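The values are calculated or read from the model by the stated rules, or taken from the named source; none is laboratory data. Bear in mind that the values here come from a model prediction, so they are computed numbers and not experimental data. We place every Cβ from the backbone using ideal geometry, glycine too, and count neighbours over all the protein chains shown.
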Amino acid sequence: MKKLSAILLVPILCVWSAGCGSGETPDKKATAGDGGEPEAHDDEGGDGDDHAHDEVSLGTAKVGDLDVELAQGHGAVTPGGEGHLVVKLPYSDSGATIVRAWIGTEDRTLSLVGKGEYAASHDDYDVHATAPDPLPAGVRWWVELELPDGTKTLGSAEPILE
């Protein structure tokens, strides 16, 4: 029984300690308008664990009437793979907006929608979503914002693909 407990505990500890990244050294983030110069982007989750993502700016997308900055992390979008999107609102709301994103088509067919986690340390939202397999023609990142007053808005951006 002790051997079984140890076997089951090791993968749990590995997942818990690995967090969002692969345990590599901090990667860099490219920001809009800076010519692609990388900038560090550390996440601070509720566990106090700092880690970074290799993020590339997708520029500014129109989501309803808002100009929202987007960056893609974890490399290129692949069929059936997990994508990472950083959503920076044009105002600070301390996490009051609900941010959802998915990879695919506007109607969400075969897409898994991810809900954004607010990161106070850099005042943006991190969203993880799984892409459909196969990727549909015209695949895009779709971003839905549910504002504190209940209003929902939708916008999209072209993802980085392999």
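Among the residues of region 106-115, are any surrounded by fewer than 20 Cβ atoms within 10 Å (Cβ to Cβ) and closer than 18 Å to GLU55 by Cβ?
no
Just to confirm my filter: which strands (runs of 3 or more DSSP E) fall fully inside region 37-101 and include at least 1 residues that are modelled with pLDDT under 95?
It comes to 42-44, 50-52.
I need a count of the residues in region 102-140 that are touching a strand residue (DSSP E or B) at 6+ places or on another chain (Cβ under 6 Å) and closer than 11 Å to VAL86 by Cα.
Here the count works out to 9.
Across region 85-128, what is the number of residues that are in contact with an Asp or Glu (Cβ under 9 Å, 6 or more places away or on another chain) and of a type in the set (S, T, N, Q)?
Counting residues in region 85-128 that are in contact with an Asp or Glu (Cβ under 9 Å, 6 or more places away or on another chain) and of a type in the set (S, T, N, Q) gives 4.
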